[in-house]
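Here's the structure, in structure tokens; my notes come after.
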Amino acid sequence: MSAVRKTVLSALSTIVLAGGLAVGAAGTASAATCPSTASPKIDGAIAGWSLSCSGGAVRVSGWLEDTRMDGKCAMVRIVGGNGEYRTKQACGSGVREQFDFTFAGTNEAQVRLAIA
């Protein structure tokens, strides 16, 4: 990957993350490389996920649950080390959603649990 492309992807990731921080009421983020797991809990949401690598790609899979009747949704935001961006929401107290995303060309991802 060229230095220019890395710089552009880095800048885009920063913009996406900054935008995500402005939308989320509360959140926890973790940047990780393979293999890793996390089980974050914030006021109104809980989640669990794992990162695994194979064939030059990172797979982020797990679940999230909305734990509060507040009209907001639990949200997981994932930015792969390649700059790709994915989200998953669970809306309604007790609602649990599964997610499974693969990001090619990287072995890392930043995963964030938030309320939106």
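Each reported figure results from applying straightforward, stated rules to the coordinates on display, with no laboratory input. It should be emphasised that the depicted structure is a prediction, and the values quoted were computed from it without experimental measurement. All Cβ positions, even for glycine, are placed from backbone atoms using ideal geometry, and neighbour counts span all protein chains on display.
Put a plus charge on the Cβ of each Lys and Arg, a minus charge on the Cβ of each Asp and Glu, and nothing anywhere else: the dipole of the stretch 22-116 about its Cα centre is then about 40 debye. Less than 5 angstrom separates the built amide H of Ser36 from those of Leu51, all sequence-distant by 5 or more or on a different chain.
Hey, how many Å between the Cα centroid of the stretch 70-116 and the Cα centroid of the stretch 36-67? Value for the Cα centre distance between the two parts: 8 Å. With contacts taken as Cα pairs under 8 Å and at least 6 residues apart, the stretch 36-82 reaches a relative contact order of 30 percent.
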